[in-house]
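The values are calculated or read from the model by the stated rules, or taken from the named source; none is laboratory data. These numbers come from a predicted model, not from an experiment. Because the Cβ atoms are built from the backbone with ideal geometry, glycine has one as well, and the counts that use them run over all protein chains shown.
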Amino acid sequence: MKKALSLLMAASLVFGLAACGNSNDTQKDADAGAQQDNSAAADTGSDKTWVIASDTVFKPFEYTDASGKFVGIDVDIVAAVAEDQGFKYEMKSLGWDAALAACQAGQADGLIAGASITDERKESGWLFSDGYYQATQTMTVGADSDITGFADLKDKDVAVKTGTQGAAYAESLKDEYGFNIVYFEDSPTMYQAVLGGQAVACFEDTPIMASSIKDGDLALKILEDTANEGAPYGFAIFNEANQELLDMFNAGLANIKENGKYDEIIAKYLG
């Protein structure tokens, strides 16, 4: 009997130690998977963690602050919506092209990156949320430039960011005004092309351009009367299997607009 009890106690001890070890390993894995506190704290009971892709620099909608934290209007809206709807997520700052590719390849579930809702994108497979911010696109030149409008661009190089509405706007004007388009992968490089003289102007979303000029103390100026009608930004998915995420975003967006949280986020970054 004593031998049987001893064996039973030993087995229990081994099982207990193994359970503790598995718990610690699980916690280590969870800690390693966290990214800059961008995961929602609320848990609906589901193990699903939605992967949301974003741009790297599209200030004030997404950017890295002085402390190295990924912040911005889009980042805060996702956090507020996730808290309201009680889902878990991981946000990945990939860059515009890479974020889009990740979503289309199924490596990310959704995209939020100041993406304008357009018919062309809908026709190509984008599934958009309700709009969360209305933005126009406009033309910017050097602070001491003598260019005053589109007519002054003939035979000159104009910078745009690949795949954006700013690029689409420039492309719609190119033939009429006879200028050349030079494509860049990100906004800061595009701005430097204008500052360095490789291009005489660039096209960018108006709030992004205004924020970049102010915060970066850039020697650039937005030309009046060059903005288009604009379109709302939307959260997007590229697979109908992720419709649940889109529905939760819409429901959460409506709630944070109603309770004032949305206005707080906009005021925090745009005043």
Starting from residues that are assigned to a helix (DSSP H, G or I) and closer than 28 Å to Y63 by Cβ, keep the ones in segment 153-171 and report whichever is modelled with the lowest pLDDT. Q165
Checked segment 119-146 for anything more than 17 Å from the chain's Cα centre (by Cα) and either under 23 Å from M248 (Cα atoms) or free of Cβ contacts under 8 Å to residues at least 60 places away in the same chain (or both); matches are D119, E120, K122, E123, S124, G125, D146
Filter segment 169-179 down to residues that are buried (at least 17 other Cβ atoms within 10 Å of the Cβ) and touching a helix residue (DSSP H, G or I) at 6+ places or on another chain (Cβ under 8 Å), then give me how many there are. 2
Every residue in segment 39-60 that is touching a Pro at 6+ places or on another chain (Cβ under 9 Å) and at pLDDT 95 or above, please. none
Which of (1) surrounded by fewer than 15 Cβ atoms within 10 Å (Cβ to Cβ); (2) aromatic (F, W, Y); (3) part of a helix (DSSP H, G or I) does Y191 not meet, given it meets every other one? (1)
Segment 49-86 - residue that is of a type in the set (D, E) and part of a helix (DSSP H, G or I) and, of those, nearest to S129 (Cα to Cα): D74
Answer yes if at least one residue in segment 103-124 is within 30 Å of L223 (Cα to Cα), among the hydroxyl-bearing types (S, T, Y) and surrounded by fewer than 21 Cβ atoms within 10 Å (Cβ to Cβ), and no otherwise. yes
What's the number of the only condition in (1) small (G, A, S); (2) outside the structural domain of L127 (by TED's automatic domain parsing); (3) not in a helix (DSSP H, G or I) that A236 fails to meet? (2)
